[in-house]
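The block underneath contains the structure these notes are about, expressed in structure tokens.
The values are calculated or read from the model by the stated rules, or taken from the named source; none is laboratory data. In this text, all values refer to a predicted model and were calculated from it rather than measured experimentally. Cβ: placed from backbone, ideal geometry, glycine included. Neighbour counts: every protein chain shown. Just so you know, the surface numbers come from the protein's heavy atoms only, side chains and all, with ligands and any DNA or RNA stripped out. Shrake-Rupley method; radii C 1.70, N 1.55, O 1.52, S 1.80 Å.
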Amino acid sequence: MELFKRARILNFMEYSKWGLGVSLAVLVICLALIFFKGFNLGVDFAGGSVAQVRFSQQAPLESIRKAFVQAGFSGVQVSEFGSSSEVVIKIPLLSTNHAKDLGEQISQILTPLGKFEIRKLDSVGPKVGDELREKGILSLVLAIVAMMIYVSFRYEWRFALAGVLALVHDTLITATSVIVFNIDLNLEVIAALLTLIGYSINDTIIIFDRIREGMLARRSSDLNAVINEAISSTLTRTLFTSLTVFLVLLVLYIFGSKILVGFSLPMLVGTIVGTYSSIFLAPRIAVLLGFDLGRYHDNELKKIKRKQEKERLRRQYEHGRL
């Protein structure tokens, strides 16, 4: 099934001039949000406790907050969780006295507020939180480095660098989306970013492969024309793949548990950003880095001649002429 006829070549390189400006503006905003507002670390990284409580009636949020303050707990966050009768209570790192029998203390604090059920109670210590944070950051760095090594062996260095820069662009914007949507930075968000890294680089590689095929076929001496033809020929595949992933994540976000928001919402953003960068950003960066199509053809021709010469010498050796 084709959405766009292959005979129709769209001028993506012309459109990408505007896309590059948009990306730079968005990246500046993202860096400003990270430095001036910062991430809201979840319990996984900051340590503390999270209790999921369901009331038999509408949960009195303000009364719950006051009850915890009166009991000597500071910095407690109370918010609805899926319905008006269910709440999530986030408790920062506790003192030794408060840390003992936390479930029992929560029950004593909430008992005067009505009938309820503690459905879930998780606690993470400060040491474990630090280890998880370090491993989460390390996993992201290693994933990007691994992709950098992979594309550097597969493509000419300008295209390899363009692919890596586009990948960093996608990861940074997606990570910053958790600040915009007020999502805690936790292991679910890290899982979403790692998934995005694989998805985004795969999307870019599909387009880069078609660009390389077009360059080797020498259909045109104009690099922009080759790139436009390559992107246009893969556009249907790219859009269908992205749309399929997007719809699955949208269903997961709408109908899944609120616990999954940390994964589904960043991935929704990442799917859009990754598709955009593969089409409008990565090829434009390769051109800006000074890729020369004529020089590329000359180098490929030299490789072919060296290969043919080796084959000729091999045949002479096999027939005893060498």
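Pairs over the 25 Å Cα-Cα cut-off, from the set LYS90/LYS115; LYS66/LYS135; LYS90/LYS135: LYS66/LYS135.
All C-alpha pair distances within the range 48-124, sorted into 10 Å bins from zero, spread as 19, 61, 19, 1 percent across the bins. Counting heavy atoms of the protein chains alone, ARG8 has an accessible area of about 150 Å² for a 1.4 Å probe.
The alpha-carbon positions of the range 132-286 define a convex hull whose volume is 92 Å³ per residue.
Computed from point charges on the beta carbon alone (+1 for Lys and Arg, -1 for Asp and Glu), the dipole magnitude for the range 48-124 about its Cα centre is near 40 Debye. How big is D, in µm² s⁻¹, for the range 176-266 by Stokes-Einstein at 4 °C and 1.567 mPa s if Rh is the Kirkwood radius over C-alpha pairs? It comes out at roughly 85 µm²/s. Largest accessible area first, the residues GLU156, GLU86, GLU14 order themselves as GLU14, GLU156, GLU86 under a 1.4 Å probe with ligands, DNA and RNA left out.
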